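The values are calculated or read from the model by the stated rules, or taken from the named source; none is laboratory data. Note that the structure is a prediction, hence the values are computed from the model and not measured. Heads up, the Cβs are rebuilt from the backbone with ideal geometry, glycines too, and the neighbour counts pull from every protein chain shown.
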Amino acid sequence: MLSGATLTRRLGHHGGVSLVDLVIPFKPLHLAKSRLGAAPELALAMLRDTVAAARAARSVSEILIVCSDPVVADAVGVRVVPDSPLAGLNAAISFGAGLLGGRVAAMNADLPALRTAELDAALEAVGDDPAFCPDHLGTGTTLLVSGLDQPLRPLFGTGSAAAHLASGAKLLDGPWPSLRLDVDIQSDLAAAVALGVGPATTAVLTVS
């Protein structure tokens, strides 16, 4: 007979809330945020704020970072594994998802304004089918959740929102500006600051 905890994990729910293991891919610091033209310290700070918000979410069971940079492993306070495939973003996500035991979600590392309540609200809206949250432009993806008892099928990259929608994933389009605001360029960073970034990002921006 399954224990209550085992049954909860298998169902992927806890107290009516979708419960997921979260994989976050992150490039080595010398490659991170090249479009933003930011120092490695800012990229790492944004990751730390993203992770901190996710760790506080009642819907998130475990967080796994896929990154081959040893500096990252010492800085984020969650499990970090090297990017063994070294075959791009989607391969890294699939690799990390394969190391996790429950229902899996993939999320961007560059969400420095992320509010825990918004992440929880999005995950509560998922249901049993695969689902994704588009970025603030509506073309990219910031969060992808596997279907219940299904593998994660990441299609991140240019036009990923359309690709995930075409794959059958449900569109999550709630009032979650902090979840949708990934930072790729300076205007994104300005918008995140206006929304309110986390303490790690604030500290780096204050010094610079």
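Table for the structure above
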read-out: Those residues of segment 96-130 which are surrounded by 20 or more Cβ atoms within 10 Å (Cβ to Cβ), charged (D, E, K, R) and assigned to a loop (DSSP other than H, G, I, E, B), in sequence order; value: 103, 110
read-out: Qualifying position, being touching a Cys at 6+ places or on another chain (Cβ under 9 Å) and at pLDDT 95 or above, among 179, 195; value: 179
read-out: Identity of the residue in segment 193-207, in contact with a Pro (Cβ under 8 Å, 6 or more places away or on another chain) and in a loop (DSSP other than H, G, I, E, B), that ends up surrounded by the fewest Cβ atoms within 10 Å (Cβ to Cβ); value: 198
read-out: Selection status of residue 151, under 24 Å from residue 117 (Cα atoms), of a type outside the set (D, E, K, R) and loosely packed, with under 13 Cβ neighbours inside 10 Å; value: no
read-out: Among (1) hydrophobic (A, V, I, L, M, F, W, C); (2) under 14 Å from the mean Cα position of the chain (by Cα); (3) not in a loop (DSSP other than H, G, I, E, B), the one test that residue 156 misses; value: (3)
read-out: Residue count, segment 75-88 (criterion: surrounded by 17 or more Cβ atoms within 10 Å (Cβ to Cβ) and over 13 Å from residue 52 (Cα atoms)); value: 2
read-out: Near pairs, Cβ below 9 angstrom, 6+ apart or cross-chain, from segment 72-95 (in a strand (DSSP E or B)) to any residue that is among the charged types (D, E, K, R) and modelled with pLDDT of 95 or more; value: 79/62
read-out: Residue 72 being of a type in the set (A, V, I, L, M) and more than 30 Å from residue 203 (Cα to Cα); value: no
read-out: Hey, residue 190 more than 14 Å from the chain's Cα centre (by Cα), over 22 Å from residue 44 (Cα atoms), modelled with pLDDT of 95 or more and part of a helix (DSSP H, G or I) or not; value: no
read-out: Single unsatisfied condition, residue 184 versus (1) within 16 Å of the chain's Cα centre (by Cα); (2) at pLDDT 95 or above; value: (2)
